[in-house]
1. If you wrap region 104-226's Cα atoms in a convex hull and average its projection over all directions, what's the area in nm²?
2. With Kirkwood's inverse mean 1/r over C-alpha pairs for Rh, give me the Rg to Rh ratio of region 327-406, two decimals please.
3. Once the Cα gyration tensor of region 15-73 is diagonalised, what are the square roots of 5 times its eigenvalues, in whole Å and ordered largest first, as equivalent ellipsoid semi-axes?
4. Positive end of the dipole of the chain, charges at C-beta (+1 Lys, Arg; -1 Asp, Glu), about the Cα centre: which of Asn237, Ile19, Cys87 has its Cα farthest in that direction?
5. Kindly provide the helix-only [θ] at 222 nm of the chain, computed as the sum of -39,500 (n - 2.57) over DSSP H runs of four or more divided by all residues, to the nearest 500 deg cm²/dmol?
6. Write out the cysteines belonging to the chain for which the nearest other cysteine Cβ is not under 4.7 Å, or none if no such cysteine exists.
7. Please give the Cα centre distance for region 391-453 versus region 315-332, rounded to the nearest Å.
8. Mind checking which lysines have their Cα closer than 22 Å to the Cα of Lys232? Skip sequence neighbours fewer than 8 apart in that chain.
Amino acid sequence: MDATIVAMATAMGEASIHILRLSGPQAGNIIDKCFEPHNLKRWTRGDNFTLNLGVFKDESKVLDEVLVGRMLGPFSYTGEDVYEINCHGGTFVAQRILYACIRCGAQLAEPGEFSKRAFLYGKMDLVQAEAVIDLICSRTDTAANLALSQLSGGLSKKIISLRDEILETLAFIEAGIDFPEDDVDSLDREALGGRVTMALINTRLLLEGSKTGKILRDGLLTVIVGRPNVGKSSLLNAILHEERAIVTDVPGTTRDEIRESVSVGGILLKLVDTAGICESQELVERLGIERTWRALETAELILLVVQANDPLTNDEHHILSTYTEKVIVIANKLDLLQNENISFEYENIRLIPFSVLEHRGFEELEDEIRKRVYQGEVIMPSDPLLSNVRQISALERCNNALKQASESITQGMPWDILSIDLREALHCISEITGHNVQESLLEDIFSRFCIGK
Ligand code: GDP
């Protein structure tokens, strides 16, 4: 990492300030060439973590009055000497400062390069680095809290402790293979079995939590479905608090899907309002209905809107029996009933009496969604949960290797076979924090970051 890199850390466009970030071995020299501090004495003292007012120049030409933050390595974000230049907003000023830095020897940073350097300097592991991008991209309070808990290292600690458990077990076995005559404890099958089982339990616990973690991070793909005129668009608008979909008493107005995202009870719902399901002769409506059926396949949550106490149609029965696990029934238009006792034959499916018109049922719906996401468990915002697909997939592979190791022990397999399984488990768990990753994987991960991060 010989190069000194520079990038805009804030999005381009008109704003009151822009921040540019400069990091690397030549950062100090470049700043000295371009920056003339008002308080030279203070600047030359070289104090770390200071903000310094002055002018930024390109050769002799003054470009702007700026504030320069000095964060010297190894205490900076990247671990290198970092300078952050706060200049006036607008496209031109920041760009001219950027070019001035490049002319003095800096290179334009790649997306995610600052965070990649932070990782390579050991300032953070991969779980923390990926949490940075999740924090930037979070769309709900809960997702931001989750990313923050990962960034603070809570999750990394759990992963590292699991990795240590596996590493220790492997060390016992390998000592047993290398020095069989020493009667090492490793050859106690029962004790080893216990260790592997413990590691398996901890892996499974993390995997269980990751279901919640993934939803908190990515949201739930939620499809609103039902026959025409039952109140689907009204429900969507009420959840969004805006008139997104057209509401009329003419059946068949929503012919195409409407997609919107909204936070409900801290959970991001990626809502899809669909064309009403019915027998239709009309081509456009029929195509819409076909899409509705396809949307149900991929949905993670289905809100089936029915008319309270109306007999269920065949299509509704079909949805209830096919997608039992992911359906919540919204029995709408409760306000039209004389008697609010609702009969419903599916005991294991939650039905919520509802009236969009009178705003009844929303709290129950929110509670039900939260209950499903948190699987009835109380999860504190600071609980470290795995949420990233790459990390979850590595943990699943680790879990499979541990299962294999456990079976090898029960079947009385030789130690070297067991050692292969545990090595695989170790390899997979190490991938999560980045203890053992290839350059290509790193590139893939950090290229998803924005420039300047
Ligand atoms: P969609 O075709 O399923 O999307 O249904 P809409 O949302 O367009 O609603 C159809 C009609 O039902 C409209 O006239 C709504 O005002 C009415 N509606 C929706 N929800 C309720 C409700 O809870 N009670 C009553 N009485 N009418 C409702």
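No value in this document is a laboratory result; all are computed from the given coordinates. Keep in mind that what you see is a predicted model, and the values were worked out from it rather than measured. A quick note on method: Cβ atoms are made from the backbone with ideal geometry, for glycine too, and the neighbour counts reach across all protein chains shown.
1. 14.0 nm²
2. Working: Rg = 19.9 Å, Rh = 16.3 Å.
Ratio value, two decimals: 1.22.
3. Taking √(5λ) for each Cα gyration eigenvalue gives 17, 14, 13 Å.
4. So the residue we want is Cys87.
5. Details: 15 runs with 208 residues, N = 453.
It comes out at -15000 deg cm²/dmol, rounded to the nearest 500.
6. Cys34, Cys87, Cys101, Cys104, Cys137, Cys278, Cys450
7. 39 Å
8. Cα-Cα hits under 22 Å: Lys270, Lys326, Lys333.
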